[in-house]
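Here's the structure we're looking at; comments come further down.
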Amino acid sequence: MPIHLRQICLVAYDLASVQDELEDVLSIKPAFHDDGVSVFGLQNVLMPIGSQMLEVVAPQPGADPMKTAAGRYIDRRGGDGGYMVITQVTDRRDQDAARARAAERKVRVAWENDRQTWNVMQLHPRDLGSCFFEIDWDEQTDMHGNWMPAGGTVWKEAVCTDTVDAITGVELQSADPVEEAKVWAYIADTQVVMDRGDPTVPLANATLRFIP
């Protein structure tokens, strides 16, 4: 199953300061704010890196962070950090197959939203061991173009590749890197590869590395 890394989501207490730092260090620009995350008590920003997205979510100003899943996640983690690995598959059949494999490994679907022309499926971080694993599809099947979580194609206007032009890997902390890598690989329908002593899971355009 070709599964592409399309977006990384970070979680923070202070959205503005983290956004400013990422813009300064990576020379990237904000492209889209998803008002839909407000239902979870959150605000966000998405910034394109090539045709992939770097997202930051944070509790809304004035809200009690502990009343949001993101705030409780930050509390458990002891600070800002990674929140979601967000991927894209070819079609609904591939997503359904990934859902079935997740169920075989007793990994629950934490949240799902079917919007007819595209579908979001988030797998539960408590079952995975590190963070959310999101597997989405949309009917245009364009791994480098249309991406509904970032507003379709509006993000293209903000692309700046002066400093970085792709996300090629994600490093995930785990209490048991080898076993967690096996679960992620099984769901993604790929194999664990050892690289310099660390278990990694190759995707179509990136690598997931699992460390203690």
Problem - Spin-label model distance (nm) - Ser27 vs Trp111, 7 Å beyond Cα toward Cβ - result: 3.4
Practice task
Treat the chain as a sphere of radius equal to its Kirkwood radius over Cα pairs and apply Stokes-Einstein at 25 °C in a medium of 0.890 mPa s; give the translational diffusion coefficient in µm²/s, rounded to a whole number.
Solution key: 141
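Can you give the net charge of the other residues whose Cβ lies under 14 Å from the Cβ of Lys106, counting K and R as +1 and D and E as -1?
Values: positive: Arg99, Arg101, Arg105, Arg108, Arg126, Lys182; negative: Glu104, Asp127, Glu179, Glu180.
Charge balance in the 14 Å sphere: +2.
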Fill in the blank from the handout: With R₀ set to 22 angstrom, the calculated FRET efficiency between the beta-carbons of Arg101 and Thr207, to the nearest 0.05, is 0.65
Practice task
Just need the relative contact order of segment 140-212 here, percent rounded to a whole number, with Cα pairs under 8 Å and 6+ apart.
Solution key: 29
Exercise for the section: Return the carbon/sulfur percentage of the accessible area of segment 122-212, one whole number, probe 1.4 Å, all protein chains in place. Expected result: 46
Completion exercise
Which of Val164, Val89, Val56 fluctuates most in a GNM of the chain (C-alpha springs under 10 Å)? That residue is Val164
Practice task
For n ≥ 4 DSSP H runs only, could you compute -39500 (n - 2.57) per run for the chain, divide by its residues and tell me the 222 nm figure to the nearest 500?
Solution key: -7000 deg cm²/dmol
Practice task
Using a 1.4 angstrom probe, figure out how much accessible area the chain has per residue, in square angstrom, rounded to the nearest whole.
Solution key: 47
Handout entry: Rounded, prolate or oblate (a/c below 1.5 giving rounded, otherwise prolate when a/b exceeds b/c) for segment 96-212 by Cα gyration tensor
Key = oblate
Exercise for the section: Obtain the nm distance between the two label points defined at Glu171 and Arg196 by a simple spin-label model: each point lies 7 Å from its Cα along the Cα-to-C-beta direction. Expected result: 0.8
Practice task
Could you work out which residue, out of Ala175, Ala31, Ala102, moves most in a Gaussian network model of the chain, that is, has the largest mean-square fluctuation with Cα springs under 10 Å?
Solution key: Ala175
Practice task
Show which lysines lie in cross-link reach of Lys182 when reach means a straight Cα distance below 29 angstrom and same-chain residues fewer than eight apart are skipped.
Solution key: Lys106
Problem - Where a label projected 7 Å from the Cα of Val39 along Cα→Cβ would reach, residues of segment 111-126 with amide N under 11 Å - result: 112-115
Handout entry: GNM flexibility winner over the chain from Met121, Met194, Met84 (Cα, springs under 10 Å)
Key = Met194
Exercise for the section: Report the paramagnetic label zone for Asp189: residues of segment 81-110 whose backbone N is under 17 Å from a point 7 Å from Cα along the Cα-to-Cβ axis. Expected result: 87-105
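The values are calculated or read from the model by the stated rules, or taken from the named source; none is laboratory data. Here the structure is a predicted model, which means the values were calculated and not measured. All Cβ positions, even for glycine, are placed from backbone atoms using ideal geometry, and neighbour counts span all protein chains on display. Surface accessibility is based on the protein's heavy atoms, side chains included, excluding ligands, DNA and RNA. Shrake-Rupley method; radii C 1.70, N 1.55, O 1.52, S 1.80 Å.
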